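*Asks:* Have a look at this one.
The values are calculated or read from the model by the stated rules, or taken from the named source; none is laboratory data. Bear in mind that the values here come from a model prediction, so they are computed numbers and not experimental data. Reconstructed Cβ throughout: ideal geometry from the backbone, glycine too, with neighbour counts over all protein chains shown. The protein model used for the area step is the full one, side chains on, heavy atoms only, and it has no ligands, DNA or RNA in it. Shrake-Rupley method; radii C 1.70, N 1.55, O 1.52, S 1.80 Å.
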Amino acid sequence: MSISNTDPIQRPVVVLAEDEPATRALIARQVSAAGFDVRAYENGRLALDGLRDLETALIIADWHMPEMDGVALCRAVRELREAHALRSCFFLLLTAESEVESIVEGLEAGADDYLTKPYHRQELLARLRAGQRINELQQLLWGRQVELERVNAQLGHMAKRMEKLANTDALTGLSNRRHFFERADEQWSLARRHDHPFSCVMFDIDHFKRVNDTYGHAAGDHVLREVAALIRAEVPKSDVFGRIGGEEFCVMMFAAQADGAAQTAERLRSMVESAHLAFEGREIPVTLSLGVAERSERHDSVEALIADADQLLYRAKESGRNQVWVSSGGGTRFAPGAAVAS
Ligand SMILES: [Mg+2]
């Protein structure tokens, strides 16, 4: 962390506003001789302009000046500080007035300290050095604050990444089993509360073991990724879609009844069948078996609904694969175009 103006090579900047030329020259000479970088101005307005490029400064301002007096400058500087244009500064008001009321007014305008004219050189320099110590502490705090904000932002970013990693199936980018059940449960509660229809489509890749054995595991992974991507593009983003086992997937279709969900399932089946998936130049025939169940009074949980869909998926497998089975009492093979009684 570098702190400007406290660098041994860089001298602390003193902005001096004093309208009387002789006094201005005297203060500038004394302060400069004590190791400060003095920038002298003949009124508050010019001093304020001079402050705009600085991050930190020590300010010595005369009270009575044309254009903008010391108290007005002090108020303007306080605004710069509040707007964080000035990270740190120390404001020393020079005044010929020693009445308590005037001193109170100056301090209330935001001055950090005051000195009455005629002043003692040693006292002026001692107050400036005290001001410089305060500025250095303010700069240090500011630097730590910035560092803290950076670290916080980084932690927030990491937490989001960790959460995403924890919820995602690394191979397909879909929700993993745990996250799928979490989201499915949320949708289940929502559908039940508002009495919306809600359907579940379970599917898996037919003879997936054979894909792995014939074409290798890299080809098997490729098929899983491709099938996931094909289906992801077809189902609404709001539908919960997850990989819940090796080659087993599940889509929760919010607001879908059994017939609508079965039609979608049939579309997915047909799409995958004709997709011509290939790996390293070899075409791999891929088909899906699917089971579709709609939420009914028989289901007391999302797991019960999924178990029903899984049972129908099993029937699709048993009956020759590459087909959709849908709940209708005992279950029936879905024939496109035909109505389904659930
Ligand atoms: Mg004056």
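*Asks:* Helix-only mean residue ellipticity at 222 nm, the chain, DSSP H runs n ≥ 4 weighted -39,500 (n - 2.57), per residue, nearest 500. What is it? All intermediate terms of the calculation are to be shown ahead of the outcome.
*Replies:* Numbers: 10 runs with 167 residues, N = 342.
It comes out at -16500 deg cm²/dmol, rounded to the nearest 500.
*Asks:* Report the charge-dipole magnitude of the chain in Debye, nearest 20, computed about the Cα centre from +1 at each Lys and Arg Cβ and -1 at each Asp and Glu Cβ.
*Replies:* Numbers: 40 positive and 52 negative charges, 213 e Å.
With only Lys, Arg, Asp and Glu charged at Cβ, the dipole is about 1020 debye.
*Asks:* Next up: List the aspartates and glutamates whose Cα sits under 19 Å from the Cα of Lys117, skipping any in the same chain fewer than 8 residues away.
*Replies:* Glu18, Asp19, Glu20, Glu42, Asp62, Asp69, Glu97, Glu99, Glu101, Glu105
*Asks:* Pick out the long, greasy-scoring helices in the chain: whole DSSP H runs spanning 20 Å or more along their own axis by Cα, mean Kyte-Doolittle at least -1.0.
*Replies:* Span-like helices here: 121-167, 217-234, 258-273, 302-318.
*Asks:* Please compute the per residue accessible area over the chain with all protein chains in place, 1.4 Å probe, rounded to a whole number of Å².
*Replies:* Values: 17910 Å² over 342 residues.
With all protein chains present, the chain gives 52 Å² per residue.
*Asks:* Name the aspartates and glutamates eligible as straight-distance cross-link partners of Lys209: C-alpha to C-alpha under 14 Å, and not fewer than 8 places from it in the same chain.
*Replies:* List returned: Asp221, Glu247, Glu248.
*Asks:* Can I ask one more? Could you calculate the FRET efficiency of Arg282 with Asn152 from 1/(1 + (r/R0)^6), where r is the beta carbon distance between them and R0 is 56 Å, rounded to 0.05?
*Replies:* Details: r = 51 Å, r/R0 = 0.91.
It comes to 0.65.
*Asks:* By a straight-distance test (C-alpha under 20 Å), which aspartates and glutamates pair with Lys164 as possible cross-link partners, with residues fewer than eight away in the same chain excluded?
*Replies:* Glu182, Asp185, Glu186, Asp239
*Asks:* Now for a different question. Determine the shape class of the chain: with a ≥ b ≥ c the square roots of the Cα gyration tensor eigenvalues, call it rounded for a/c under 1.5, and otherwise prolate if a/b is greater than b/c, oblate otherwise. Walk me through the numbers before you get to the answer.
*Replies:* On the way: a/c = 5.55, a/b = 3.58, b/c = 1.55.
Judged from the Cα gyration tensor, the chain comes out prolate (a/c at least 1.5, a/b above b/c).
*Asks:* Okay, next question. Which of the trypsin sites (Lys or Arg not before Pro) across the stretch 209-243 are loop residues per DSSP, with 13 or fewer other Cβ within 10 Å? List each step's numbers first, then the result.
*Replies:* Details: sites: Lys209, Arg210, Arg225, Arg232, Lys237, Arg243; in loops: Lys237.
Those satisfying the criteria are Lys237.
*Asks:* Hey, another quick one. Be a star and scan the stretch 101-124 for residues whose amide nitrogen sits under 18 Å from the point 7 Å along the Cα-to-Cβ vector of Ala22.
*Replies:* Only 117-121 pass the distance filter.
*Asks:* Around Leu125, what is the net charge, scoring Lys/Arg as +1 and Asp/Glu as -1 over all other residues with Cβ under 15 Å from its Cβ? Provide the component values of the computation, followed by the final result.
*Replies:* Details: positive: Arg11, Arg29, Arg121, Arg127, Arg129, Arg133; negative: Asp37, Asp113, Glu123.
Net charge in that neighbourhood comes out at +3.
*Asks:* Follow-up. Name the residues whose placed amide hydrogens come within less than 5 Å of the amide hydrogen of Val240, ignoring near sequence neighbours (fewer than 5 apart) on the same chain.
*Replies:* Met252, Phe254
*Asks:* Of all accessible surface on the stretch 177-333 at a 1.4 Å probe, what whole percent is carbon and sulfur? Walk me through the numbers on the way to the answer.
*Replies:* Values: 3350 of 7390 Å².
Here carbon and sulfur together make up 45 percent of the probe-accessible area.
*Asks:* For Thr56, what charge total do you get from the other residues with a beta carbon under 10 Å from its beta carbon, if Lys and Arg give +1 and Asp and Glu give -1?
*Replies:* Here the count lands on -1.
*Asks:* Remind me, relative contact order of the stretch 13-148 in percent, using alpha carbon pairs under 8 angstrom and six or more residues apart?
*Replies:* On the way: 216 pairs, mean separation 29.3, N = 136.
Value for the stretch 13-148: 22 percent.
*Asks:* Now a separate question. What Kirkwood Rh does the stretch 177-333 have if only Cα atoms enter the pairwise 1/r average? Answer in Å. Present the calculation step by step, with values, prior to reporting the outcome.
*Replies:* Working: mean 1/r = 0.0638 Å⁻¹.
Its Kirkwood hydrodynamic radius stands at 15.7 Å.
*Asks:* Could you order the peptides 159-171, 92-104 from most to least packed, using the average number of other C-beta atoms within 10 Å per residue?
*Replies:* 92-104, 159-171
*Asks:* What does the charge add up to near Glu67, with Lys and Arg as +1, Asp and Glu as -1, over the other residues with Cβ less than 10 Å from its Cβ?
*Replies:* Working: positive: Arg45; negative: Asp19, Glu42, Asp69.
Counting the neighbours of Glu67, the net charge comes to -2.
*Asks:* Still on this structure: Given R₀ = 51 Å, what would the calculated FRET efficiency be for Arg129 paired with Lys160, taking r from the Cβ atoms and rounding to 0.05?
*Replies:* Values: r = 47 Å, r/R0 = 0.92.
With a Förster radius of 51 Å, E is 0.60.
*Asks:* Amide H to amide H, which residues 5 or more places from Val38 or on other chains are under 5 Å from it, using H placed in the peptide plane?
*Replies:* Val14
*Asks:* A follow-up question, please. Under the classification rounded if a/c is under 1.5, otherwise prolate if a/b is larger than b/c and oblate if not, where does the stretch 26-71 fall, given a ≥ b ≥ c as square roots of the Cα gyration tensor eigenvalues? Mind dumping the intermediate values first?
*Replies:* Details: a/c = 2.33, a/b = 1.31, b/c = 1.78.
Since a/c reaches 1.5 but b/c is at least a/b, the shape of the stretch 26-71 is classed as oblate.
*Asks:* Let me ask something additional. Roughly how big is the stretch 13-148's charge dipole about its Cα centre, with Cβ charges of +1 (Lys, Arg) and -1 (Asp, Glu), in debye to the nearest 20? Could the numbers behind the result be given before it?
*Replies:* Working: 15 positive and 23 negative charges, 117 e Å.
Rounded to the nearest 20 debye, it is 560 debye.
*Asks:* Please report the antiparallel percentage of DSSP beta bridges with both residues in the chain, rounded to the nearest 5.
*Replies:* Working: 23 of 47 bridges.
Roughly 50 percent of the DSSP beta bridges within the chain come out antiparallel.
*Asks:* Assuming a ≥ b ≥ c are the square roots of the Cα gyration tensor eigenvalues, decide whether the stretch 183-248 counts as rounded (a/c under 1.5), prolate (otherwise, with a/b larger than b/c) or oblate. Before the final figure, lay out each step's value.
*Replies:* Working: a/c = 3.62, a/b = 2.69, b/c = 1.35.
Prolate.
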